[in-house]
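For reference, the structure is listed below as structure tokens.
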Amino acid sequence: MKFLTTEQKKFYDDNGYIVLDILTDEEISELSEDFDRIFEAKDGANLEATWQGNWKTDEKKNEVKSIHGLQMYSAAFTRLLLNEKMLDACEDIMETPNILLHHTKAHSKPPNTGSPFPMHQDYHYFPFKNDSMIAVFISLDASDPGNGGLCVYPGSHKLGPQEDVSNVTSYHYLNQEKFPIEKATPLTLKKGQVVVFSYLLIHGSYYNTSSDRVRRMHLMQLMSGDDVPLAVMHLSDCQGMVLRGRCFTREADIKKRHRKFMEEQIAAQSGM
């Protein structure tokens with residue numbers, strides 16, 4: 001083990017998630033500052049990312065702003081992808097030295113109107129053959145149920161993929177009566193704490209009902225260099241970038257140099 005204790009690894013294996021203290025105060029401060037600068041620079045752009053679908057049971061106004069690929073805007077987020085302690089923890093959890101980037105995204109959930117996220121599994125957005133995918137969730141503000149914090153169903157990753165009941169093609173969520181948010185376990189996080197969880201873990205987040213507490217988060221989705229996607233979905237900036245170790249499945253044919261990583265992986269499986 002490079003970062004986790006034996007007890008922490010067992011907790012992750014049993015529960016499908018783990019809360020870790022990885023980043024320094026200086027790193028947290030830099031990420032927080034650049035996060036705000038990026039969102040301020042893109043103020044006025046279409047950033048609305050509230051989930052659609054028939055899971056919503058009220059007409060309450062809600063909103064959440066989102067920008068993908070923050071490493072394309074700030075070197076601080078590029079350095080985060082290569083943070084040695086972060087990758088040590090991920091290597092312990094994923095049990096592979098070969099770690100690739102799938103995508104990154106950031107959410108800013110405002111006070112009073114911050115949108116909840118229904119209980120879901122990330123699996124449905126980008127299924128992989130060996131289910132190696134993990135999320136690295138960085139809480140850039142102290143968060144709890146009051147300001148729209150994260151909640152999970154501990155151990156639910158062991159259930160495997162659950163039925164996607166969404167009535168909207170681009171959004172995926174589970175039966176909210178079978179997995180009500182009221183029965184989920186809320187995670188109370190300090191500013192800068194990191195939650196690593198399996199993409200099979202059932203999770204969601206609450207309304208931000210606070211009067212003055214924004215909830216900002218940055219998420220990195222990582223996959224094993226030895227895993228392969230089951231479908232071409234969610235193509236993103238820097239997808240397939242090797243953060244640690246090696247990956248030799250990428251197409252090297254000069255005529256195909258402009259193809260995206262996921263397309264190459266699918267083509268390799270199908271013999272194209």
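What follows is calculated from the coordinates using simple rules that are stated; it is not laboratory data. The structure displayed is predicted, hence computed values, not measured ones. When we count neighbours, we look across all protein chains shown, and the Cβ atoms used for this are built from the backbone with ideal geometry, even at glycine.
Here are the numbers for the structure shown:
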{"read-out": "Residue that is farthest from Met94 (Cα to Cα), among those in the stretch 137-156 that are in a strand (DSSP E or B) and out of contact with any Ser or Thr (no Cβ under 9 Å at 6 or more places or on another chain)", "value": "Ser139"}
{"read-out": "Qualifying residue in the stretch 148-170 (condition: among the polar types (S, T, N, Q) and touching an Asp or Glu at 6+ places or on another chain (Cβ under 9 Å))", "value": "no"}
{"read-out": "Tally of residues being outside any loop (DSSP other than H, G, I, E, B), surrounded by fewer than 13 Cβ atoms within 10 Å (Cβ to Cβ) and of a type outside the set (Ser, Thr, Tyr) across the stretch 1-13", "value": "2"}
{"read-out": "Which numbered condition Ser205 misses (of (1) out of contact with any Gly (no Cβ under 7 Å at 6 or more places or on another chain); (2) small (Gly, Ala, Ser); (3) closer than 20 Å to Leu20 by Cβ)", "value": "(1)"}
{"read-out": "Enumeration of residues in the stretch 118-149 that are out of contact with any Phe, Trp or Tyr (no Cβ under 9 Å at 6 or more places or on another chain) and among the polar types (S, T, N, Q)", "value": "Asn130, Ser139, Ser143"}
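Per-residue answers, yes or no, for (1) closer than 19 Å to Cys90 by Cβ; (2) of a type in the set (Asp, Glu):
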residue: Tyr171; (1), (2): no, no
residue: Phe179; (1), (2): no, no
residue: Lys191; (1), (2): no, no
residue: Val194; (1), (2): yes, no
residue: Arg213; (1), (2): no, no
residue: Gln221; (1), (2): yes, no
residue: Asp237; (1), (2): no, yes
residue: Cys247; (1), (2): yes, no
residue: Asp253; (1), (2): no, yes
